[in-house]
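A quick write-up on the structure given underneath.
The values are calculated or read from the model by the stated rules, or taken from the named source; none is laboratory data. Quick caveat: nothing in here was measured; it's all calculated off a predicted structure. Glycine also receives a Cβ, built like all others from the backbone with ideal geometry; neighbour counts cover every protein chain displayed. What goes into the accessible areas is simple: the full protein's heavy atoms, side chains included, and nothing from ligands, DNA or RNA. Shrake-Rupley method; radii C 1.70, N 1.55, O 1.52, S 1.80 Å.
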Amino acid sequence: MTENEKEPRGHSSPLRLLPGALSGVLAGCAALAVAEAVAGGVRPQSGPVVAVGGAAIDRTPAAVKDWAVRQFGTDDKLVLRLGILAVLALLALALGITALRFRRTGAVGVLLFGAVGAVAATSRPDSTGVADALPSAAGAVAGAVTLYVLAGRLALHDRAPAPAGARDWDRRGFVLAAGATAVASAGAGLLGRALSGAGNRGAVASRRAVVLPRPASPAPPVPRGAALRVPGVSPFVTPEGSFYRVDTALVVPKVDATSWRLRLHGKGVTRPLTLSYDDLLRRDQVERDITLTCVSNEVGGPYVGNARWTGVRLADLLAECGVEPPSRGGPADQLVARSVDGMTIGTPVEDVMDGRDALLALGMNGEPLPFAHGFPVRMVVPGLYGFVSACKWIEDIELTTFDSYDPYWVKRGWARRAPVRTQSRIDTPKPFARPRTGMVMVAGVAWAQHRGIGKVEVRVDDGPWQQARLAAEDSRDTWRQWSFPWRATKGGHTLTVRATDRTGAVQTDRRARTIPDGATGWHSVVVTVG
Ligand SMILES: Nc1nc2c(c(=O)[nH]1)N[C@H]1C(S)=C(S)[C@@H](COP(=O)(O)O)O[C@H]1N2
Ligand SMILES: [Mo]
């Protein structure tokens, strides 16, 4: 450490450790608040917490990420943010105490953390250039100056002998400076919020202005009997509020549909296309019920939802671009979708063009896509896990090969190809429920998208498999509810479910982890009948 400030002894008297630590925290607050204010003007994603968080997400080993998704669910990002803030708070405390003795070192420390934020922000895949470094840089300068000034208040009286009984530091000056910092930070924070709100106004207005046309090909009516009247079973159509959300975006991208474009290009594309949102709205809209599942869903887990999607058939667009599927000699076997936030998702061209309802979706349950689910446009491909098919906030489609390009999740250890595994889940009774003896309705959902569910069976303890009643089938691409009236007897019991898809394949009991291509095994629930 090079420090040429001559400072007398008695410096880290416990009296000043506390204000020292406080000045570090205040400097940290000032840095973050100024950074967020500037990010509000530049891009919400360019703020240091989001940038460092995003970089952390990308570098997190697949197993840890999978664990985080399982552990914290859709709150995983909140947990990450809180974690980053906790680490920053500790570092700020340390820098504040350091600055008691080494004022410049403390200030330089703040600048170094700013540099980390700036590098993270400019190296994010969605970075739009050096402007993304501005929030971190401005924040770091604000934090460093704040720390330098506050630490100065703490050291001021050292040069003169303090009168007996007096504090040896400028208490009044410190309190004033600290108060001013707190107020200024709060102001900057609010300004950041207001600015990013204003920055999103165009996107919000563009979504509000959307009028989805009546589908040229409406979804076949949901058969009566597709929804069982059993309390506790997942509703056939998942309401927006409870539809799972899994993505790497710390800040939901808010895309203005009026300036949005989708580019289609790559191997075997003889007529590249660039489409606007209105171009897509003008095309024939297809409406389908499709159940979406995340590969990170454990057996019995919540990351599956069913929605009514409307959009454009992707196969038609590809055909217009001159694309042939590999089975007809096309040179590209992988379609790579890119999103505005730098996600890449690879899908087999063959699957997209084999006649299934692979969509560029604009609507979800009758509304324009919610921002969190990919507005303005996302992909949905029946039968494939989301990480190999369901790119949200899509802006680019490139035809390529599996041999020449690995998308985001594949680089992190997940499979290149991942059709959805046949799964079934007991929704009711809940684990460790205490139902009364007598008739208990056991019910849940089963899914094997694009193959369809043919049979569901329930087993009580080690008894025989007994056939459950299946709700009417909406389509092969949606889940099916099932129910099983159980004459429950006193004591502890284990209920187990398994499904058989329409090809006749029985859901395997072999336990497999979610990585690399989806969990397998049977879902069981233990209850105590009293
Ligand atoms: N841009 C982008 N699209 C994405 C992802 C992502 O992280 N970023 N995650 C994918 C994964 S893993 C899944 S399971 C689905 C989830 O879609 P949902 O959040 O609308 O339920 O989105 C997919 N599309
Ligand atoms: Mo996923």
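Remarks
- Per residue, in Å², the accessible surface of the stretch 68-126 once ligands and nucleic acids are set aside, probe 1.4 Å: 52
- Cross-link table 254/430; 254/455; 267/411; 77/267, entries beyond 32 Å C-alpha to C-alpha: 254/430; 254/455; 77/267
- Between helix 171-199 and the chain: long-axis angle, C-alpha atoms, 0 to 90°, nearest 10: 30
- The residue 472 and residue 128 beta-carbon pair, evaluated with R₀ = 51 Å, returns a calculated FRET efficiency of approximately 0.55.
- With kT/(6 pi eta Rh) evaluated at 10 °C and eta = 1.306 mPa s, and Rh the Kirkwood radius from Cα pairs, the chain diffuses with a coefficient of 61 µm²/s according to Stokes-Einstein.
- Sites matching trypsin sites (Lys or Arg not before Pro) across the stretch 8-108 that sit in DSSP coil, with at most 13 neighbouring C-beta atoms within 10 Å: 9
- Taking only the Cα atoms of the stretch 316-419, the ratio Rg/Rh comes out at 0.95, with Rh defined as the Kirkwood radius.
- Residue order for 356, 313 - accessible surface, 1.4 angstrom probe, largest first: 313, 356
- Computed accessible area, residue 320, all protein chains, 1.4 angstrom probe, square angstrom: 90
- Label positions at residue 406 and residue 172, each projected 7 Å from the Cα along the C-beta direction, are separated by 6.6 nm.
- Peptides 358-366, 44-52 ranked from most to least packed by the mean count of surrounding Cβ atoms within 10 Å: 44-52, 358-366.
- Candidate residues 113, 236: accessible-area rank, largest first, probe 1.4 Å: 113, 236
- Zone of residue 224's modelled label, taken as backbone nitrogen in the stretch 459-486 under 19 Å from a point 7 Å along Cα→Cβ: 470-475, 481
- Pairwise label distance in nanometres, residue 216 with residue 271, each label 7 Å out on the Cα-Cβ vector: 1.5
- The Cα atoms of the stretch 12-108 give a gyration tensor whose axes a ≥ b ≥ c have a/c of 1.5 or more with a/b greater than b/c, which makes the shape prolate.
- In degrees, nearest ten, helix 134-155 long axis to first principal axis of the chain (Cα): 40
- Viscosity 0.890 mPa s, temperature 25 °C, Stokes-Einstein D of the stretch 381-486 from Kirkwood C-alpha radius, µm²/s: 147
- Principal semi-axes in Å for the stretch 240-412 [√(5λ), Cα gyration tensor, largest first]: 23, 19, 16
- Our estimate of slack between residue 367 and residue 245, defined as 0.36 nm per intervening residue step minus the Cα-Cα distance, is 42.2 nm.
- Here the gap between residue 194 and residue 56, fully extended at 0.36 nm per residue and compared with their Cα-Cα distance, gives a gain of 47.0 nm.
- When the stretch 3-205 is reduced to its Cα atoms, the Kirkwood hydrodynamic radius in Å: 18.1
- Helix 76-101 axis, angle to the chain major axis (alpha carbon atoms, nearest 10°): 10
- Rounded, prolate or oblate (a/c below 1.5 giving rounded, otherwise prolate when a/b exceeds b/c) for the stretch 164-240 by Cα gyration tensor: oblate
- Solvent exposure, largest accessible area first (probe 1.4 Å, DNA, RNA and ligands not counted), of 367, 395: 367, 395
- Pair residue 494, residue 282: separation of 7 Å Cα→Cβ label points (nm): 6.1
- With every protein chain in place, the chain: carbon and sulfur % of accessible area (1.4 Å): 58
- Residue-averaged [θ]222 nm for the chain, counting only DSSP H segments that reach four residues, each worth -39500 (n - 2.57): -11000 deg cm²/dmol
- The overall shape of the stretch 423-529, judged from the alpha-carbon gyration tensor, is prolate: a/c is not under 1.5, and a/b is greater than b/c.
- Using a Förster distance of 30 Å, the FRET efficiency for residue 259-residue 327 (Cβ separation, nearest 0.05): 0.20
- Rg and Dmax [Cα atoms of the stretch 236-290; Å; Rg one decimal, Dmax integer]: 15.7, 42
- Per the Cα gyration tensor, the stretch 223-265 maps to an equivalent ellipsoid with semi-axes of 35, 16, 10 Å, ordered largest to smallest.
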